[in-house]
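First the structure, in the form of structure tokens, and then the observations on it.
The values are calculated or read from the model by the stated rules, or taken from the named source; none is laboratory data. Just so we're clear, the structure is a prediction, and the values are computed from it rather than from any experiment. As a convention, Cβ positions derive from the backbone with ideal geometry for all residues, glycine included, and neighbour counts pool all protein chains shown.
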Amino acid sequence: MEPFTPMSPIAEDRTPAGPAWVHQLKWDGYRLIADVQDGRVRLYSKRMLPQNASYPELTAALEDKTGSYVLDGEAVILDPHTGKPSFQLMQQRGKLLGDRQIAAASRRHPVQYILFDLLALEGRDLRLLPYKARRQLLLSVASGWTAPFYVADEFPDGEALWGWVEANGWEGMVSKKAESVYKEGKAHHDWLKRKTIHHMDVDIVGIIWKEGRVSSLVMRKGERYMGRVSSGLNEQAKARIRLLPAGLKRSDYWDSMPEGLRGADVRWLDRPLAGRVSGREMTDAGLLRHPKLIDLEGILL
């Protein structure tokens with residue numbers, strides 16, 4: 001298979017309506033391309049890097065499948081407690097090195113492969129076919145397949161799906177034009193993604209310095225460490241922040257240094273600042289994922 005850039009959805013804050021669109025849940029994991037040629041399997045990341053060694057359970061399961069095809073989908077690990085995809089578990093898996101570590105992890109938290117497109121079948125390139133035609137071929141190819149393979153469900157009512165996403169704390173949804181061909185990267189407007197956003201009021205209790213400059217801020221909610229935030233800070237705001245009185249000690253806020261701050265150069269504020277941040281979801285460690293500062297007491301962002 002020649003290297004290519006997988007088609008990626010464009011971020012939008014709306015849900016497209018009408019019969020031209022179909023909708024799917026957004027699975028929070030790692031993009032994975034599978035090139036299967038009569039039992040010979042090659043897995044690739046979004047950047048077309050080899051992934052067979054990272055996902056031996058998927059490689060072995062695909063080696064048992066007959067036929068030749070190229071699959072596009074998402075590798076995910078389901079949280080055993082919530083049943084939802086856990087990006088943190090996928091990140092942990094991605095950092096593992098060595099066959100023994102990876103094999104142990106695959107038994108403890110096996111990776112599932114959520115299939116949402118079929119790019120080639122028996123040597124025929126399908127990318128110029130409409131999405132709805134590719135989906136029908138995918139359903140035919142994967143008919144009867146069981147775990148760890150699942151074909152992504154499809155829904156006609158985008159607003160109803162979005163309501164379910166928000167009510168159940170899912171990451172988001174993807175909308176696709178039924179007639180869209182498969183275009184590389186984001187040079188299109190045929191696949192759209194909409195993500196949930198959480199807002200949270202926090203206290204900013206510390207300034208993290210790096211190479212003599214303000215790098216990020218330390219967040220706390222109640223007595224709990226909520227992570228660092230740098231997104232949303234412009235140079236004007238950083239100039240104001242660096243002048244704030246910061247003569248307290250870590251012990252004035254916490255008995256011990258939070259894990260995420262060890263080794264960091266932190267200046268502890270004399271008085272916490274009220275802040276408001278947005279983020280995509282809470283991590284398993286209780287931190288806000290991808291936080292962005294949207295308001296900070298007394299400082300124009």
> Which one of these does THR59 not meet: (1) within 20 Å of GLU2 (Cα to Cα); (2) not in a helix (DSSP H, G or I); (3) not small (Gly, Ala, Ser)?
Replying inline: (2)
> Under 6 Å by Cβ, and 6 or more places apart or on different chains, what pairs join a residue from the range 81-93 that is over 14 Å from SER106 (Cα atoms) and part of a helix (DSSP H, G or I) with one that is at pLDDT below 85 and acidic (Asp, Glu)?
Replying inline: GLN88/ASP284
>> It is to be established whether one or more residues within the range 253-271 are at pLDDT below 90, outside any helix (DSSP H, G or I), of a type in the set (Lys, Arg) and under 17 Å from MET226 (Cα atoms).
In response: no
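Hey, among ARG42, ARG31, which residue is closer than 17 Å to ARG93 by Cβ, in contact (Cβ under 8 Å) with a residue 12 or more places away in the chain and part of a strand (DSSP E or B)?
ARG31
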> Only one of VAL214, VAL181 is part of a loop (DSSP other than H, G, I, E, B), without any contact (Cβ under 8 Å) to a residue 60 or more places away in the chain and among the β-branched types (Val, Ile, Thr); which?
Replying inline: VAL181
> Within the range 144-170, restricting attention to residues that are modelled with pLDDT under 95 and over 25 Å from LEU71 (Cα atoms), which residue is surrounded by the fewest Cβ atoms within 10 Å (Cβ to Cβ)?
Replying inline: ALA167
>> Condition first: within 27 Å of ALA20 (Cα to Cα) and either assigned to a loop (DSSP other than H, G, I, E, B) or under 22 Å from the mean Cα position of the chain (by Cα) (or both). Now tell me which residues in the range 141-159 satisfy that.
In response: ALA142, SER143, TYR150, VAL151, ALA152, ASP153, GLU154, PHE155, PRO156, ASP157, GLY158, GLU159
> Filtering the range 185-194 down to residues that are in contact with a helix residue (DSSP H, G or I) (Cβ under 9 Å, 6 or more places away or on another chain) and assigned to a strand (DSSP E or B), which residue is farthest from MET282 (Cα to Cα)?
Replying inline: TRP191
>> Can you find, within the range 58-69, the residue that is nearest to LEU118 (Cα to Cα) among those that are surrounded by 13 or more Cβ atoms within 10 Å (Cβ to Cβ) and either modelled with pLDDT under 95 or within 21 Å of the chain's Cα centre (by Cα) (or both)?
In response: LYS65
>> Among (1) of a type in the set (Asp, Glu); (2) in a strand (DSSP E or B); (3) at pLDDT below 95, there is one condition ASP72 misses while meeting the rest; what is its number?
In response: (3)
>> Please pick out the residue among GLY286, GLY298 that is of a type in the set (Gly, Ala, Ser) and under 13 Å from MET219 (Cα atoms).
In response: GLY286
> Among the residues of the range 70-99 satisfying the criterion of being of a type in the set (A, V, I, L, M, F, W, C) and surrounded by fewer than 17 Cβ atoms within 10 Å (Cβ to Cβ), which is nearest to ILE114 (Cα to Cα)?
Replying inline: LEU96
> Would you say ALA274 is in the same structural domain as GLY232 (by TED's automatic domain parsing), within 18 Å of VAL229 (Cβ to Cβ) and part of a loop (DSSP other than H, G, I, E, B)?
Replying inline: no
> Looking at ALA246, is it under 28 Å from the mean Cα position of the chain (by Cα) and modelled with pLDDT of 95 or more?
Replying inline: no
> Checking GLY169 against (1) part of a strand (DSSP E or B); (2) under 15 Å from the mean Cα position of the chain (by Cα); (3) small (Gly, Ala, Ser), which single condition isn't satisfied?
Replying inline: (1)
> touching a Phe, Trp or Tyr at 6+ places or on another chain (Cβ under 7 Å), surrounded by fewer than 15 Cβ atoms within 10 Å (Cβ to Cβ) and over 18 Å from HIS290 (Cβ atoms), is that true of GLU184?
Replying inline: yes
